[in-house]
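Data first, discussion second: the structure below is written as structure tokens.
FYI, it's all coordinate maths here, none of it is from the lab. All values derive from a computational prediction rather than experimental measurement. Cβ placement follows ideal geometry from the backbone for every residue including glycine, while neighbour counts extend to all protein chains displayed.
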Amino acid sequence: MTSNEWTSSSMPYLTPRTAGDVDAWTEEARGAGRRGSQRIVHAGGVPAPAAVGLMLGLTDGATVVVRRRIIELDDEPTELTDTYYPVAIALGTPLAGTAKIRGGAVTLLATLGHVGVRVVENVTARMPSDEEREQLRLGTGEPVLQLARTTYDSADHAIQADVMVMPAGRQQLRYEIRIG
């Protein structure tokens, strides 16, 4: 892989952090000797896109809280991430605002009593929209990977839905699955 490519693992992003820790992305990038950052470009209530409504098990047109971010590696955009939450979980919390959350959203969710125990991820390859191409600084004809992740609690209720878009030529997704 070249210096512009990145191998991503889901596990660090599913586990609450210890109090005072930085978020998983910042820590993962530091561990590789790089600088990870993110810009939150929007947060608040929106009507759920159809696919997100299905992911969260909500009725058509239900309101959700979204945090829309541009993830950067060494000051270059590497991923677009929209994270959606049911309003009953996120409204009135820092999840509905644009400030960074110390330790990350998964840590905040845990302090609010919402701990993920099961995750479903779907990965697809596709061509980017014009807006995605511009935000990720992609050339014409460069595809993206889209990772859609739903996190469920112990009662099997969806507590978070992530839709991540990343340049296919700069990403490698790594999965480790433990059985038993």
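Just a few scattered comments:
- Note on Ala155 and Val117: the extension gain reaches 12.8 nm, defined as 0.36 nm multiplied by sequence separation minus the Cα-Cα distance.
- Derived scalar couplings ³J(HN,Hα) [the stretch 98-107; Karplus, 6.51 cos²θ - 1.76 cosθ + 1.60; whole Hz; x for Gly, Pro]: 9, 6, 4, 9, 4, x, x, 5, 4, 5
- Sparse-neighbourhood loop sites, trypsin sites (Lys or Arg not before Pro) in the stretch 110-180 - DSSP loop, at most 16 other Cβ within 10 angstrom: Arg137, Arg178
- Dimensionless Rg over Rh [the stretch 66-140; C-alpha; Kirkwood]: 1.02
- As a proxy for reagent exposure, ranking Arg35, Arg69 by other Cβ atoms within 10 Å from fewest up yields Arg35, Arg69.
- Karplus 3J(HN,Hα) series, Hz, for the stretch 71-81 with 6.51 cos²θ - 1.76 cosθ + 1.60 (x for Gly, Pro): 8, 10, 10, 6, 6, 10, x, 10, 6, 10, 10
- Of the chymotrypsin sites (Phe, Trp or Tyr not before Pro) in the stretch 75-180, the ones in a loop by DSSP (not H, G, I, E or B) with at most 10 other beta carbons within 10 Å are Tyr175.
- The stretch 43-180 shape via C-alpha gyration tensor axes, a/c threshold 1.5: prolate
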